[in-house]
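The values are calculated or read from the model by the stated rules, or taken from the named source; none is laboratory data. Everything numeric in this text was worked out from a predicted model, so none of it was measured. Cβ coordinates were reconstructed from backbone atoms using ideal geometry, including for glycine residues, and neighbour counts include every protein chain displayed. All accessible areas refer to the heavy atoms of the entire protein, side chains included, with ligands and DNA or RNA removed. Shrake-Rupley method; radii C 1.70, N 1.55, O 1.52, S 1.80 Å.
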Number of protein chains: 2
Amino acid sequence: MSFLDHIRRCNNADLSQFEPWFVGAHRAGFVHRGFAADILQASGLFERSRDVWHLDPRLDTPEKRTAEVHAFLLGLRAGGHFNRLWREERYAVAPAEGTPFLMAMERSAVPWFGVRAGGPHMTGYVRRADGLHIWVPRRSYEKPTFPGQLDNTVAGGQPAGLGLHENLVKECGEEASIPPELARQAKAVSVVGYWNQSGQQLKPDVMTCFDLELPPDFTPRANDGEVHSFDLWPVQRVFETVRDTVEFKYNCNLVLIDFFVRHGLLSADDPDFIPIAAGLRRLSPPRRDDDVRSALTPVA
Amino acid sequence: MSFLDHIRRCNNADLSQFEPWFVGAHRAGFVHRGFAADILQASGLFERSRDVWHLDPRLDTPEKRTAEVHAFLLGLRAGGHFNRLWREERYAVAPAEGTPFLMAMERSAVPWFGVRAGGPHMTGYVRRADGLHIWVPRRSYEKPTFPGQLDNTVAGGQPAGLGLHENLVKECGEEASIPPELARQAKAVSVVGYWNQSGQQLKPDVMTCFDLELPPDFTPRANDGEVHSFDLWPVQRVFETVRDTVEFKYNCNLVLIDFFVRHGLLSADDPDFIPIAAGLRRLSPPRRDDDVRSALTPVA
């Protein structure tokens, strides 16, 4: 592995396998052609015209869309779709900052609809006399997703109707027993984006990166069963583990690489410096010419 | 103005006015259709086929390309082109990290050929009891470009054949009398990219951002006539001046906005947070759907 390999691994989506779906004039996400043909077509909720899917325009309020799509998803669930990944947690379908909230959608369905998700990913670090250290959690072996992998200090999906910082403070308490007055000192410092495909599922996600400097005498404790254990690692060990292995959950590597860049741990004269920095923030749909190495000069 | 307005102002290029030019299989840059028709065509050095310009393939080494193009540029200069902007300083034409060095080109010609330029832009800051402060220089009123405007603490173009960090240390000495042992502590922490057009000139530039924490008792001094004066500003004054005015040279605003983001001065719940973070790193050519506000969901 290398830092660029992690960026490539997160950005593995082949958009030619997907078609966009719209709510009115707003593109809400992407559906895989296979999923669309096998499942969406039969829902009666979507119509296809010119390679684009449109949610029934008679669903003319967020409430109606949320309710009708949820009823459809419950039907899928009854048929065995989603399995134990069903969360009973709603994500907002809101294509961009500044455009309207279109509807809410059950979290486990979101990647099937290629809807952008986000959320806070926080790096909790300690400045000690012997250098920077990072608190590294191992995910619970019971988690349905990525059990036992290493993770960012605190991270969470972003449920509809909650502020990002507020959500982070909540997750800090639940996942790491960080008290609210300490968690509120976390600072939003960056954004990481990627287009990840897993089978018919697409995650065009954007994570908001937070840094929190923790006091040397504070020890995070798992609180809600999502975390197996916390360990304090010298930053160099985190650096090498990210660079050389896939021990961290795939997208958490990008948040840590972003931390390494911001904290000056990479050299400007590393030929990968610019491709890494550019590759960490993929918010636009991938293009043929988007390999991280050619970020500087895509072929016309 | 607003932070997003600065990003839009830097990313004003209309690529439909330009055609790419190649050295062999490598796209080296873009030439404006007007410049190509009026000047390039007559050079005898370029041939156009299918909306693309190719440098004469008989120039099959970097040395030959550099020499022939330079002779052509000297001819243009003799005809009054470039005026006092001619620098006698060479930039590398090297389309991407990891791809070969194609040739060198006189600095003042680089934007006429839409060749990516770069260089270090450093923010020198001081942590005082009353908060973060930034050393803000005003450009000399004698400079041919952007006279009298505010600037990043130390910044410079990147000449061919010098390392980025090495170049920064040199510029720190020349522009601000920062001694080498102090300048070497500067850390590369980010990358800012934009596509800026000025008439027939195109700058698809990438700047490497450095932070340098300066001791409270150190005062930078202008050394080479490029800087009129240095002042130490509270970060909030820099923040408001960037946000509300055009007093800083256009691209220096992006470096400072990047500093504000990295140092946690923006809120994650500011609806502009993600568009700003994404908008600061425009390395791929602009697309119709690239407005900073729609960075999250360009229309398909």
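Assorted remarks:
- Per-region count, the stretch B:280-294, residues modelled with pLDDT under 95 and under 25 Å from B:V238 (Cβ atoms): 3
- Look at (1) away from chain B (no Cβ under 14 Å); (2) touching an Asp or Glu at 6+ places or on another chain (Cβ under 8 Å); (3) of a type in the set (S, T, Y) and you find that A:Y194 fails only one, number (1).
- Within the stretch B:213-228, at least one residue is touching a residue at least 24 places away in the same chain (Cβ under 8 Å) and on the phi > 0 side of the Ramachandran plot.
- Condition met for B:H26 (within 30 Å of A:P271 (Cβ to Cβ), out of contact with any Phe, Trp or Tyr (no Cβ under 9 Å at 6 or more places or on another chain) and away from chain A (no Cβ under 14 Å)): no
- Scanning the stretch A:22-35 for residues that are closer than 23 Å to A:F101 by Cβ and either out of contact with any His (no Cβ under 7 Å at 6 or more places or on another chain) or not in a strand (DSSP E or B) (or both) yields A:V23, A:G24, A:A25, A:H26, A:R27, A:A28, A:G29, A:F30, A:V31.
- Hits in the stretch A:143-188 - residues which are over 16 Å from the mean Cα position of the chain (by Cα), among the β-branched types (V, I, T) and under 24 Å from B:F260 (Cα atoms): A:V169
- When B:L265, B:L232 are checked against the criterion of being among the hydrophobic types (A, V, I, L, M, F, W, C) and touching a helix residue (DSSP H, G or I) at 6+ places or on another chain (Cβ under 8 Å), a single residue qualifies: B:L265.
- Residue identified as closer than 18 Å to A:K203 by Cβ and either under 26 Å from the mean Cα position of the chain (by Cα) or within 14 Å of another protein chain (Cβ to nearest Cβ) (or both) among A:R50, A:R84, A:R33: A:R33
- The stretch B:95-127: number of residues that are closer than 21 Å to B:I257 by Cα and not hydrophobic (A, V, I, L, M, F, W, C): 8
- A residue that is open to solvent by 20 Å² or more (accessible area, probe 1.4 Å) and within 30 Å of A:S16 (Cβ to Cβ) can be found somewhere in the stretch A:240-248.
- Residue in the stretch B:252-270 that is modelled with pLDDT under 95, more than 7 Å from chain A (Cβ to nearest Cβ) and out of contact with any His (no Cβ under 8 Å at 6 or more places or on another chain) present: yes
- The residues of the stretch B:175-203 that are open to solvent by 20 Å² or more (accessible area, probe 1.4 Å), farther than 26 Å from B:R9 by Cβ, touching a residue at least 24 places away in the same chain (Cβ under 8 Å) and not polar (S, T, N, Q), listed by number, are B:L182, B:K187.
- Residues that are in a helix (DSSP H, G or I) and under 29 Å from B:A71 (Cα atoms) within the stretch B:1-15 comprise just one, B:L15.
- Single residue of the stretch B:161-180 satisfying the filter (within 11 Å of chain A (Cβ to nearest Cβ) and in contact with an Asp or Glu (Cβ under 6 Å, 6 or more places away or on another chain)) that is modelled with the lowest pLDDT: B:G163
- Enumeration of residues in the stretch A:204-226 that are under 26 Å from A:R116 (Cβ atoms) and open to solvent by 50 Å² or more (accessible area, probe 1.4 Å): A:D224, A:E226
- The one condition in (1) more than 30 Å from A:Q17 (Cα to Cα); (2) more than 11 Å from chain B (Cβ to nearest Cβ); (3) in contact (Cβ under 8 Å) with a residue 12 or more places away in the chain that A:F210 fails to fulfil: (2)
- One residue from A:T66, A:T99 being of a type in the set (S, T, Y) and over 13 Å from A:A160 (Cβ atoms): A:T99
- Subset of the stretch B:30-63 [among the charged types (D, E, K, R) and either surrounded by fewer than 16 Cβ atoms within 10 Å (Cβ to Cβ) or more than 19 Å from B:P20 (Cα to Cα) (or both)]: B:R33, B:D38, B:E47, B:R48, B:R50, B:D51, B:R58, B:D60, B:E63
- Scanning the stretch A:242-286 for residues that are in a loop (DSSP other than H, G, I, E, B), under 14 Å from B:A277 (Cβ atoms) and touching a residue at least 40 places away in the same chain (Cβ under 8 Å) turns up A:L280, A:R282, A:L283.
- From B:R107, B:R116, residue being under 24 Å from B:D5 (Cα atoms) and touching a Gly at 6+ places or on another chain (Cβ under 9 Å): B:R116
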